[in-house]
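Read through the structure below, which is laid out as structure tokens, and then see the notes.
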Ligand SMILES: NC(=O)c1ccc[n+]([C@@H]2O[C@H](COP(=O)([O-])OP(=O)(O)OC[C@H]3O[C@@H](n4cnc5c(N)ncnc54)[C@H](OP(=O)(O)O)[C@@H]3O)[C@@H](O)[C@H]2O)c1
């Protein structure tokens with residue numbers, strides 16, 4: 001990704017920020033001028049270490065995004081710590097498996113399949129994004 005500013009003053013929720021693509025995305029977004037990040041995943045110690053390492057203000061919510069109360073918790077956190085302001089949702093949390101069709105049934109193909117779960121029930125975050133446009 002280029003270093004050219006794309007999202008001035010963004011407040012972004014990044015799910016799956018404790019490793020991989022989400023963590024790399026957090027590092028990149030943190031270089032945007034005025035950025036604030038909300039890091040979401042289950043492994044709290046990794047979120048805490050990342051929040052401290054990033055060159056921008058960053059908070060975190062340690063939760064399983066498949067829990068029923070996760071969306072409300074994330075929304076409450078954004079309201080409490082970021083003035084209810086949200087400009088970007090990186091809805092990345094997920095998992096993938098590989099195996100034979102016999103092992104995995106409909107979830108896996110004989111070759112290789114990423115079973116992409118829409119793990120984040122992101123309706124609460126979308127509500128915050130919509131509010132900003134009013
Ligand atoms: N890498 C690829 O080649 C590739 C290709 C296609 C699609 N994808 C998809 O892209 C996404 C990221 O992939 P990646 O390679 O960066 O994977 P990864 O390194 O395993 O990262 C997955 C992230 O999602 C979080 N996560 C998983 N389940 C969660 C849950 N129930 N609640 C909250 N957080 C959860 C994990 O954090 P915790 O374990 O701390 O919760 C982790 O931060 C995944 O959805 C993956 O399926 C990846």
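Any read-out appearing in this document is the output of simple, stated calculations on the displayed coordinates, not a laboratory observation. Everything numeric here is computed off the predicted structure, so don't read it as measured data. Glycine gets a Cβ as well: all are built from the backbone with ideal geometry, and neighbour counts include every protein chain shown.
The figures follow:
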item	result
Convex hull of Cα atoms in the range 47-97, direction-averaged projection (nm²)	4.5 nm²
Mean Cβ count within 10 Å, highest first, over the residues of peptides 67-78, 83-94	83-94, 67-78
Taking the range 4-68 and dividing mean pair separation by its residue count, relative contact order in percent (alpha carbons under 8 Å, at least six apart)	31 percent
Per-pair calculated FRET efficiency, R0 = 25 Å: residue 79 and residue 44 via Cβ, rounded to 0.05	0.75
